[in-house]
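Novice: Pasting a structure below so you can have a look.
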């Protein structure tokens, strides 16, 4: 079942927003190293996979000196299936390009928002739309609390 989910997993969805600007800058990182789909799906939460549960995790990430990213889960859905922990583990396989690292390092106090959509072996169009809506709804997840979200 894991090998089938490898084909279905939607890789890291670019839709990152840098924090503390009046209107957040959309930042789409480029990567020198990205894990292969099989490496990502190895982190798929076993209980979620067994129950054909798809999910999303939103992380706030900062660059490390070695161009890896240090991520913490901001939100995950559905709760109780460990999509946040799986996304943090999967994020360890990414290395930013020098250009993206430079852009983020210059704004080191501003975490980048990164979301991972996890699609089970059977993903309905309705579930896909729900996951994408949750991704849009969390666009400002890494902004400081004083930032307006409207």
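Novice: Of the listed peptides 85-98, 62-75, what is their order by residue-averaged count of other C-beta atoms within 10 Å, with the highest listed first?
Specialist: The most tightly packed comes first, giving 85-98, 62-75.
Novice: A further question follows. Testing the spin-label approximation: label points 7 Å from Cα along Cα→Cβ at residue 132 and residue 42. State their distance in nm.
Specialist: The modelled label-to-label distance comes out at 3.1 nm.
Novice: Also, I was wondering about something else. What percent of all Cα-Cα pairs in the stretch 85-140 falls into each 5 Å bin, going from 0 up to the bin containing the maximum distance?
Specialist: Taking all Cα pairs of the stretch 85-140, the binned fractions are 4, 14, 18, 20, 19, 13, 7, 4, 0 percent.
Novice: Just to check, using Stokes-Einstein with a Kirkwood Rh over alpha carbon pairs, what's the diffusion coefficient of the stretch 33-147 at 37 °C and 0.692 mPa s in µm²/s?
Specialist: Using the Kirkwood radius from Cα pairs, D works out to 221 µm²/s.
Each reported figure results from applying straightforward, stated rules to the coordinates on display, with no laboratory input. Since this is a predicted model, take the numbers as computed values, not measurements. Here the Cβ is made from the backbone with ideal geometry for all residues, glycine too, and neighbour counts use every protein chain on show.
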